[in-house]
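Notes to accompany the following structure.
The values are calculated or read from the model by the stated rules, or taken from the named source; none is laboratory data. Because the structure is predicted, anything quoted here is derived from the model rather than measured. Cβ sites come from the backbone with ideal geometry, for glycine too, and all protein chains shown count toward neighbours.
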Protein chains: 2
Amino acid sequence: MSILVVGSVAIDSVETPKQTRERVLGGSAVHFSYAASFFSPVQLVGVVGDDFPDEHLVLLRKRNIDLAGLQVIAGGKTFHWKGKYLPNMNDRETLEVHLNVFGDFEPQVPEPFRRATIVFLANGAPMVQRKVLEQVVGPKLVVADTMDLWIRETHDELLALIKRIDGIVLNDSEAKLLTQEENLVQAGKRVLAMGPKFVIIKKGEHGAMFFSAHETYVMPAFPTETVVDPTGAGDSFAGGIMGYLAEQDNFEPATLKRALAYGVLIASFTVEDFSLDRLLTIGRPDIDVRLEAYQKMLSF
Amino acid sequence: MSILVVGSVAIDSVETPKQTRERVLGGSAVHFSYAASFFSPVQLVGVVGDDFPDEHLVLLRKRNIDLAGLQVIAGGKTFHWKGKYLPNMNDRETLEVHLNVFGDFEPQVPEPFRRATIVFLANGAPMVQRKVLEQVVGPKLVVADTMDLWIRETHDELLALIKRIDGIVLNDSEAKLLTQEENLVQAGKRVLAMGPKFVIIKKGEHGAMFFSAHETYVMPAFPTETVVDPTGAGDSFAGGIMGYLAEQDNFEPATLKRALAYGVLIASFTVEDFSLDRLLTIGRPDIDVRLEAYQKMLSF
């Protein structure tokens, strides 16, 4: 199966209590793609300026990430985010956002990508996410991410989008905001009632929850001693899920559940270093070793 | 095996966003004992005033909770706590605390209780907890709870106590405070380095973490849609753990892990109503049904 992801490709500057990294590779589509590429080829649609370093393109292409849908705007600058993590490494402040070319992003799905089986709409304006849906033909699974900004400012458009997709991934505070419900189990069920077939609530260091008509379950995060930089954890979580689903070529409940576990584990690697640095050092066998430890941890 | 618990017996008044309950049965030793009594007889040491309703004594005795160590102070008033939960049902404000007879509590372990196999020192001043240790003879397992107040104000006494016990149960913010470490995995390991054989960190709605020299694991909370009143969840969690250990008559790692699961599940019932109300409606088979669902939830 093929996976299409549409989202941001960015340059991030990250401050943590212990270290700082300037201008490293980031963006939702990048984190998603790299994580998914452990399992399956990926087709990426996004936009960068001509300041975007070639080495990043080389890195992604080597992973079987097709960049035919990556627009490079001549004279434009790449989306740049600068953020600072608080000592708890969970909360963060945005210090600077320069949307640059991403501010006018009009996703153009290349002809060969339009029949992708799985589509992931990374965090973006619901109107932009909808434009992607209008360009794809008969996807079997469409999943979207969102954020507080869209819940607050484009509420109706977001609800309209949610009705049209199969799954939604959002974090705990976003689920509470969207449903005005503090209990996460109830919040998840309310999002489910908005139309999708499944809802995944990300809880950061506490793991994730899954909701469908027939199942509600929780998976804890893999206990990680070394949290260097949580940036991209949510997107690599989604990438692990979708990548595994594409590899398995089915969306059965048991496959989805195992996919969620892979998502949790990929995210546990992602946070162990800045940008993609930790993922660059591992292969599929490392993920499977951690999966085995995770399964053992949850058996009693 | 016999379990001895020393802690508070209280009257609680609880406000939640949806409901209020005045003067219901509470206290750490009560919640612990009732939860443990699903698995094993319990010996309780505590103190109340002569205002303490007889019906509560009857209720506890019916559960095979031996109250020979419950001092009743003539003319005294029972410890009364009044609190209010914030809409997230996790954070709470204390509105009133009347320690009353609990303020001068001098635990007296009756002769027949002194050879208890398992001892649980519910939250209390480390000096008071130590007095219990001085009265018991050759317990096989001693576990203590604590709170931010003791970490801040009786730090050295607490550290001295931690060195002498087998296990400690504390919540996430207490673990961070005690170790000055924000990462919970590192915090757990640092508490372990203070001397006990195992450390359990409670994460409220997110479950619990376990640390020993050879194991680190996390268990999520059972997803609970109906959170009416979280008061006592932590104590009933500990009660479920200790009760199951007493029933199984061993402290092997596999038994401890299953005990932790029982603790998580008893707590998931506790929060479904005020005081002991939800636990009053269930029996061991209900807990085992939930255990099976929990195991299924964590299998993939």
(request) Quick one: B:F251 ticks every box in (1) closer than 30 Å to B:T20 by Cα; (2) more than 13 Å from chain A (Cβ to nearest Cβ) except a single one, so which number is it? (result) (1)
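Could you list, in sequence order, all residues of region B:1-25 that are assigned to a strand (DSSP E or B) and of a type outside the set (A, V, I, L, M)? Spell out the reasoning first.
In the first step, residues of region B:1-25 are kept if they are assigned to a strand (DSSP E or B); the result is B:3-6, B:10-15, B:20-25.
Result: B:D12, B:S13, B:E15, B:T20, B:R21, B:E22, B:R23.
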(message) Among the numbered criteria (1) within 14 Å of chain B (Cβ to nearest Cβ); (2) in a strand (DSSP E or B), which one does A:A144 miss?
(response) (1)
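May I ask you to say which residue of B:E182, B:E174, B:E225, B:E205 is in a helix (DSSP H, G or I), farther than 25 Å from B:S40 by Cα and facing chain A (nearest Cβ under 9 Å)?
Numbers: B:E182 fails: in a helix (DSSP H, G or I); B:E174 fails: facing chain A (nearest Cβ under 9 Å); B:E225 fails: in a helix (DSSP H, G or I).
Criteria check complete, one pass: B:E205.
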(request) For region A:161-169, indicate whether the set of residues that are touching a strand residue (DSSP E or B) at 6+ places or on another chain (Cβ under 9 Å) and either among the polar types (S, T, N, Q) or within 14 Å of chain B (Cβ to nearest Cβ) (or both) is non-empty. (result) no
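Regarding region A:59-68, can at least one residue be identified that is of a type in the set (A, V, I, L, M) and assigned to a loop (DSSP other than H, G, I, E, B)? Before you say what the answer is, go through the steps one by one.
Within region A:59-68, the first condition is being of a type in the set (A, V, I, L, M), and the residues that meet it are A:59-60, A:65, A:67-68.
Applying the additional criterion that residues be assigned to a loop (DSSP other than H, G, I, E, B) yields none.
So far as region A:59-68 goes, no, none of its residues is of a type in the set (A, V, I, L, M) and assigned to a loop (DSSP other than H, G, I, E, B).
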(request) Among residues belonging to region A:70-126 that are in contact with a strand residue (DSSP E or B) (Cβ under 8 Å, 6 or more places away or on another chain) and among the basic types (K, R), point out the one that is modelled with the lowest pLDDT. (result) A:R92
(message) So if I check each of A:V45, A:V30, which one is touching a His at 6+ places or on another chain (Cβ under 9 Å) and modelled with pLDDT of 95 or more?
(response) A:V30
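Give B:V136, B:V132 a once-over and let me know the one that is touching a residue at least 60 places away in the same chain (Cβ under 8 Å), in a helix (DSSP H, G or I) and more than 30 Å from B:V218 (Cβ to Cβ).
Numbers: B:V136 fails: in a helix (DSSP H, G or I).
Selected residue: B:V132, the only one of B:V136, B:V132 that is touching a residue at least 60 places away in the same chain (Cβ under 8 Å), in a helix (DSSP H, G or I) and more than 30 Å from B:V218 (Cβ to Cβ).
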(message) Quick check on my filter: what residues within region A:147-168 are under 19 Å from A:F237 (Cβ atoms) and assigned to a loop (DSSP other than H, G, I, E, B)?
(response) A:M147, A:I165, A:D166
(message) Would you confirm, using the coordinates I've provided, whether A:Y244 is closer than 30 Å to B:L256 by Cα, within 14 Å of chain B (Cβ to nearest Cβ) and either hydroxyl-bearing (S, T, Y) or assigned to a loop (DSSP other than H, G, I, E, B) (or both)?
(response) no
(message) Need the failing condition index for A:L276 against (1) in a helix (DSSP H, G or I); (2) more than 12 Å from chain B (Cβ to nearest Cβ); (3) more than 24 Å from B:K203 (Cβ to Cβ); (4) touching a Phe, Trp or Tyr at 6+ places or on another chain (Cβ under 6 Å), just the number.
(response) (1)
(message) Looking only at region A:249-269, how many residues end up being over 17 Å from A:S212 (Cβ atoms) and either without any contact (Cβ under 8 Å) to a residue 40 or more places away in the chain or in a helix (DSSP H, G or I) (or both)?
(response) 7
(message) Restricting to region B:241-258, count the residues that are buried (at least 24 other Cβ atoms within 10 Å of the Cβ) and under 14 Å from B:G207 (Cα atoms).
(response) 1
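Does A:V218 meet the test of being at pLDDT 95 or above, more than 18 Å from A:F39 (Cα to Cα) and within 14 Å of chain B (Cβ to nearest Cβ)?
Against the criterion (at pLDDT 95 or above, more than 18 Å from A:F39 (Cα to Cα) and within 14 Å of chain B (Cβ to nearest Cβ)), A:V218 qualifies.
Please state which one of A:T270, A:T281 is surrounded by 23 or more Cβ atoms within 10 Å (Cβ to Cβ) and more than 10 Å from chain B (Cβ to nearest Cβ). Please lay out each step first, then the result.
On the way: A:T281 fails: surrounded by 23 or more Cβ atoms within 10 Å (Cβ to Cβ).
Just one listed residue meets the conditions, A:T270.
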(request) Taking B:F211 as meeting all but one of (1) more than 12 Å from chain A (Cβ to nearest Cβ); (2) within 20 Å of B:L141 (Cβ to Cβ), write down the number of the exception. (result) (1)
(message) Suppose we filter B:R115, B:R23, B:R63 for residues that are under 18 Å from the mean Cα position of the chain (by Cα) and charged (D, E, K, R); which single one remains?
(response) B:R63
(message) When you scan region B:20-33, do you find a residue that is over 18 Å from B:V136 (Cβ atoms) and aromatic (F, W, Y), even just one?
(response) no
(request) Output the number of the condition that A:D91 fails; it satisfies all remaining conditions of (1) over 27 Å from A:I3 (Cα atoms); (2) away from chain B (no Cβ under 14 Å); (3) surrounded by fewer than 17 Cβ atoms within 10 Å (Cβ to Cβ). (result) (2)
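Do the conditions hold for A:K189, that is, is it over 20 Å from the mean Cα position of the chain (by Cα), modelled with pLDDT of 95 or more and either assigned to a helix (DSSP H, G or I) or closer than 28 Å to A:Q248 by Cα (or both)?
Working: over 20 Å from the mean Cα position of the chain (by Cα): yes; modelled with pLDDT of 95 or more: yes; either assigned to a helix (DSSP H, G or I) or closer than 28 Å to A:Q248 by Cα (or both): yes.
Yes; evaluated as a whole, the condition is true for this residue.
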